[in-house]
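Encoded as structure tokens, the structure appears first; notes follow it.
The values are calculated or read from the model by the stated rules, or taken from the named source; none is laboratory data. Everything numeric in this text was worked out from a predicted model, so none of it was measured. Because the Cβ atoms are built from the backbone with ideal geometry, glycine has one as well, and the counts that use them run over all protein chains shown. Ligands, DNA and RNA are stripped out before the accessible areas are found, and what is left, the full protein with its side chains, is counted by its heavy atoms. Shrake-Rupley method; radii C 1.70, N 1.55, O 1.52, S 1.80 Å.
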Amino acid sequence: MEDTLKDFWATRPRRPRRGRKVAGVAAAIGERYRIDPVIARVGFVVAAIFGGAGVVLYLLGWLFFPEEGDETSPAESLLGKGRSSTSQHVTIGLCIALIPAFSWFIDNDATTYIGIAVVAGMLFLLHRNRSHLGAVPTARPEQTTESSESHQVFGAAPAQQTADEPVQPTGPPAWDPLGAAPFAWDLPEPSPAAPEPHAPVQRERRSKAGVITLAVVVLAAGVAAAIGPSDAGWFSPRHVVGLLLAVLGLGMVFSSFTRSGRGLIALAVPLAGIGIALTVFFPQGIRADGIGEINAKPTTLEEVQAEYRRNIGSLDIDLTALPATGSVTTEVHADVGSVVVRVPANADVAVRCSAGVGTVTCLGAAMDGTSPNVDKTDFGADGEGGLKIDLVAGVNGPGNVEVRRG
């Protein structure tokens, strides 16, 4: 491990000037280890979402990975150990940014620590297995100059000659530049150039990591389909989609080491969209409740439906024409859209309002933002007594909910 860490530091990735999105940390890792930089970017984003480790690690990479063409990293340059194109002001700002990053994300929760350990471990294994691929070659010692004996210029005298040997002319004399002298006629015939052997074309074997991942996904989907009907509790469609995405994610990570599995993105993107829809817009499951508007104004207790629903649209339910006595229970829901319910001025109303993202206004109490929720009981202007209404109004996804006196 010590040798691997030393080698990593000596040949650590260099941030390129082109093809980067922010500071080039992910692009540097991709270029150094010959993997798709998108994989590294996805890893940083996932680590940032789950615990914030990605933010801390990206800032550290920005500080300690030298930029292409620089002598040292920004952090080392700040300590006077070499030249870096990153200005000292930016380097100081990055060091300051690490303080809130650590304080915000590294708290009592162990998620960030686990994220940092996982990313560091994956980077260690990546360098252990692929450190030779993108290493910057070290400078070779200068080769010695070739001697004049190995390449003699035409017409040059030999380097050594004994006194007893007669001097033999090696080229045309000065008075015969065209080589007409008899001793210049016997010249060696040029030998034909030997044909260069053609190396056989070797086709790169395609990795089966993507196919294996797809097979595991299909197997996991089959097991989930078999277990799902028998488990009406935790194992919901949302969890099934999450399980399949986890298998796909692990398969894409392992496939990146063999530069394969890019086709899995075509399956992961729509599956992630389905997971978001099931989590944000349809947490209670997908029902065919239609699209459009509902406008209802019942005048008797029997006309009030137990439930008013739309997948996408607006619902306007007016209960102000109901009798002054009796009791009624109803729910008004939309997956995406708006819900407005009007109740009589003197009715006793117990209301629960909620929304995934948006604004909730229930009998004067208002909340907005993510998951606003209001639970209120109001007896009206005349106090307790008279018509009793038990009402649930909500929007599962983005939208607005309003309950007011008519």
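Among rounded, prolate and oblate, which fits segment 26-92 when a ≥ b ≥ c are the square roots of the eigenvalues of its C-alpha gyration tensor, a/c under 1.5 means rounded, and a/b larger than b/c means prolate?
oblate
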### Message
Take Ala345 and Ala10, extend 7 Å from each Cα along the Cα→Cβ direction, and tell me the distance between the two endpoints in nm.
### Response
8.8 nm
### Query
Between rounded, prolate and oblate, where does segment 260-406 land on the alpha carbon gyration tensor, with a ≥ b ≥ c its root eigenvalues, rounded for a/c under 1.5, else prolate if a/b exceeds b/c?
prolate
### Task
Report the paramagnetic label zone for Arg17: residues of segment 72-95 whose backbone N is under 17 Å from a point 7 Å from Cα along the Cα-to-Cβ axis.
72-74, 83-87
### Query
Roughly how many Å² of Lys81 are accessible to a 1.4 Å probe, to the nearest 10?
140 Å²
### Carbon/sulfur fraction of accessible area - segment 2-46, other protein chains in place, 1.4 Å, %
58 percent
## Note on the structure
Taking Tyr113, Tyr33 and ranking on accessible area (1.4 Å, protein atoms only), highest first, one gets Tyr113, Tyr33
### Summary
At R0 = 45 Å the Cβ-Cβ FRET efficiency linking Val392 and Ile114, nearest 0.05, sits at 0.70
### Message
What does the net charge come to around Ser84 if you take all other residues with beta carbon closer than 10 Å to its beta carbon, with K and R at +1 and D and E at -1?
### Response
-2
### Message
Give me a comma-separated list of calculated 3J(HN,Hα) values for segment 264-271, in order, Karplus coefficients 6.51, -1.76, 1.60 applied at θ = phi - 60°, integers in Hz, x for any Gly or Pro.
### Response
5, 4, 4, 8, 6, 5, x, 5
### Query
Between the DSSP loop rule and a limit of at most 15 other Cβ atoms within 10 Å, which trypsin sites (Lys or Arg not before Pro) in segment 290-390 are left?
none
### Query
Taking a probe of 1.4 angstrom, what is the accessible area of Arg405 in Å², to the nearest 10?
70 Å²
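Which shape class applies to segment 335-396: rounded if a/c is under 1.5, otherwise prolate when a/b exceeds b/c and oblate if not, where a ≥ b ≥ c are the square roots of the Cα gyration tensor eigenvalues?
prolate
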### Query
Between Asp382 and Leu243, how many nm apart are label points set 7 Å from Cα along the C-beta direction?
5.6 nm
### Message
As a test of reading the structure, rank Thr4, Thr329 by solvent-accessible area (1.4 Å probe, protein chains only), most first.
### Response
Thr329, Thr4
### Query
What FRET efficiency do you get for Thr320 and Ile291 if R0 is 22 Å and r is their Cβ-Cβ distance, rounded to the nearest 0.05?
0.25
### Task
Report, to the nearest whole %, how much of the accessible area of segment 319-380 belongs to carbon and sulfur atoms, 1.4 Å probe, protein only.
51 percent
### Query
So, in nm, how far is label Asn373 from label Ser236 when the simple model puts each one 7 Å beyond its Cα toward the Cβ?
1.3 nm
### Query
Per residue, how many Å² of accessible area does segment 311-406 show with a 1.4 Å probe?
40 Å²
